[in-house]
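Read-outs throughout are calculated quantities, based only on the coordinates presented, and are distinct from any laboratory measurement. Here the structure is a predicted model, which means the values were calculated and not measured. Positions of Cβ are backbone-derived with ideal geometry, glycine not excepted, and every protein chain shown enters the neighbour counts.
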Amino acid sequence: METKKTPFYEKHLAGGAKMVDFAGWLMPIQYSGGIVAEHLTTRKSCGLFDVSHMGRFIIRGGGALAFLQHVLTNDASALDIGQSQYTILANESGGAIDDAYLYRFVDHEYLLVVNAANKSKDWAHLEEQAESFVDVVMEDVSDDLAMLAIQGPRSHDILESIMEEGSLPPDKRNCLTQVKICGGDVFLGRTGYTGEPVCFELFLPVPIALDIWDSLTEKGAEPIGLGARDTLRLEAGLPLYGHEFGMDPEGREIPIYACPLAKFAVSFAEVKGDFLGKSALIRQAQALESIRKGDTSAGDILPRLIRQVVILGRGIARNGDPVVEENRTVGHVTSGTMVPYWEFELTSDGVALGDFKGMRPIALTLLDHRIGYDQTIRIQVRGRDVEAMVVRKNMENRKGPISYAILPE
């Protein structure tokens with residue numbers, strides 16, 4: 001099968017990007033400045049991401065809402081026009097077929113964005129489920145609607161400076177609006193995959209895609225590759241399908257409620273009725289609540305949970321590295337690498353980022369449910385034990401538009 005190219009392929013080459021095959025697409029893994037510089041640019045200024053490789057499905061018709069309530073875990077009926085939500089395509093056993101985002105920009109239709117690697121699988125699954133519903137129309141608009149993300153503290157000002165009509169979405173995550181840029185209609189969402197509090201994703205017609213790219217870069221948005229996109233989401237503790245969802249390193253399905261984001265992605269609202277995986281997810285939710293109360297027997301349903309960790313010893317934990325305790329495996333690293341951060345100062349007004357950077361190894365892990373926060377663990381890195389600590393998060397941004405590292409004391 002021929003490797004695909006997004007509308008921005010030539011822009012990536014012109015920017016000196018190193019291109020790689022990702023899920024059947026030629027995508028930039030990094031530009032000439034490197035992953036560290038791109039990560040830091042996003043945290044301090046504004047990163048521009050080509051995410052046109054992701055799948056984009058329009059779902060409309062009189063049966064669309066009932067269909068979405070059945071195939072997705074979140075409550076689609078809660079979305080007013082101008083709102084979006086994180087959601088999951090679940091199977092009957094309570095595992096994730098994929099995680100996704102559902103947008104409602106206009107009346108009478110929804111836009112579902114899925115992971116590039118799962119696009120064909122997701123489409124086939126949705127088509128099969130749609131056969132049980134009346135008046136559901138699905139349209140794959142991935143080739144007609146390009147997708148960009150701009151993330152970071154300067155994103156608001158840069159995006160606003162190129163808009164010709166309309167206004168930015170309200171300053172609250174998941175809010176949406178429609179604007180005019182470069183003479184075309186563009187959908188905007190306050191969403192993203194970096195953990196940045198100032199974040200936007202743009203859905204734009206392909207004919208004006210390159211003009212918008214140029215407008216954003218001329219105003220100071222810096223192109224960012226997949227490498228920094230991964231370190232940014234890891235620092236923010238965000239899951240990646242195939243790592244924190246899907247199958248674990250031992251070949252077992254990871255329950256959806258093993259991931260902390262399940263609390264935002266799953267709804268048991270009465271209006272949803274029955275939906276795929278509901279019974280299994282109820283059991284998982286009840287088990288998680290029991291675990292929080294100290295009931296170890298609930299581990300039969302949720303034996304391991306996704307936890308963030310910071311590496312205290314020398315070494316970089318990688319996907320698949322085992323976590324050991326008294327010569328037995330109690331978990332695995334699901335994602336891990338070295339990530340950069342800006343030195344910072346907390347002030348009465350918020351956060352001031354410095355001019356000096358540091359590096360630290362962090363990871364996401366799938367750990368025995370009895371291992372709690374602030375507990376030290378041992379990860380086997382290249383055959384030797386490396387000390388790490390379980391933390392609630394590795395990054396903070398509650399003091400305004402700036403994200404900063406949480407460092408071990």
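In whole Å and largest first, what semi-axes does the C-alpha gyration tensor of the chain yield when each eigenvalue is scaled by 5 and square-rooted?
After scaling each eigenvalue by five and taking roots: 32, 29, 19 Å.
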**Report entry** Cα shape, the stretch 211-333, gyration tensor, a/c 1.5 rule
**Finding:** oblate
Requested in this report: Report the local net charge at Ala64: Lys and Arg +1, Asp and Glu -1, summed over other residues whose C-beta lies under 12 Å from its C-beta.
Outcome: -2
Query raised in the report: Arranged by the count of other C-beta atoms within 10 angstrom, fewest first, what order do Phe268, Phe22 take?
Result: Phe268, Phe22
Query raised in the report: Any idea which of Ile208, Ile162, Ala352 is furthest toward the positive side of the dipole for the chain, if Lys and Arg beta-carbons carry +1 and Asp and Glu beta-carbons -1?
Result: Ala352
Query raised in the report: Roughly how many Å is it from the Cα centre of the stretch 253-329 to that of the stretch 130-160, as a whole number?
Result: 29
Report task. Hand me the GluC sites (Glu not before Pro) from the stretch 1-104 located in a DSSP loop with no more than 11 other Cβ atoms within 10 Å, in residue order please. Result -> Glu2, Glu92
Query raised in the report: Looking at Tyr86, Ala146, Met395, which one has the Cα that reaches farthest to the positive end of the dipole of the chain (charges on Cβ: Lys, Arg +1; Asp, Glu -1)?
Result: Met395
Query raised in the report: Just how large is the dipole of the chain about the Cα centre, in debye to the nearest 20, putting +1 at every Lys and Arg Cβ and -1 at every Asp and Glu Cβ?
Result: 1260
Report summary line: Measuring from its Cα centre, the stretch 24-164 shows a charge dipole (+1 at each Lys and Arg Cβ, -1 at each Asp and Glu Cβ) which, in debye to the nearest 20, is 620
Query raised in the report: Quick one: net charge of Lys393's neighbours, Cβ under 11 Å, K/R +1, D/E -1?
Result: +1
Query raised in the report: What net charge do the residues around Pro260 carry, taking every other residue with its C-beta under 10 Å from that of Pro260, with Lys and Arg at +1 and Asp and Glu at -1?
Result: +3
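Using the crude model of +1 on Lys and Arg Cβ and -1 on Asp and Glu Cβ, and no other charge, please compute the dipole size for the stretch 178-308 relative to its Cα centre, in debye to 20. Walk me through the numbers on the way to the answer.
Values: 14 positive and 18 negative charges, 94 e Å.
That gives the stretch 178-308 a dipole magnitude of about 460 debye.
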Query - Cβ-based exposure ranking for Ile59, Ile81, in which fewest neighbours within 10 Å come first - result: Ile81, Ile59
Query - lysines with Cα under 26 Å of Lys121, excluding same-chain neighbours fewer than 8 positions away - result: Lys4, Lys5, Lys263, Lys272, Lys278
Report summary line: Of the listed links Lys11/Lys119; Lys119/Lys180; Lys44/Lys172; Lys18/Lys44; Lys119/Lys219, those spanning more than 26 angstrom between alpha carbons are Lys119/Lys180; Lys119/Lys219
Report summary line: Dimensionless Rg/Rh of the stretch 156-277, both radii on Cα and Rh by Kirkwood, sits at 1.05
Report summary line: One finds the C-alpha centres of the stretch 364-409 and the stretch 178-240 to be spaced, in Å, by 28
Report task. Could you please rank Cys259, Cys46, placing first whichever residue has the fewest other Cβ atoms within 10 Å of its Cβ? Result -> Cys259, Cys46
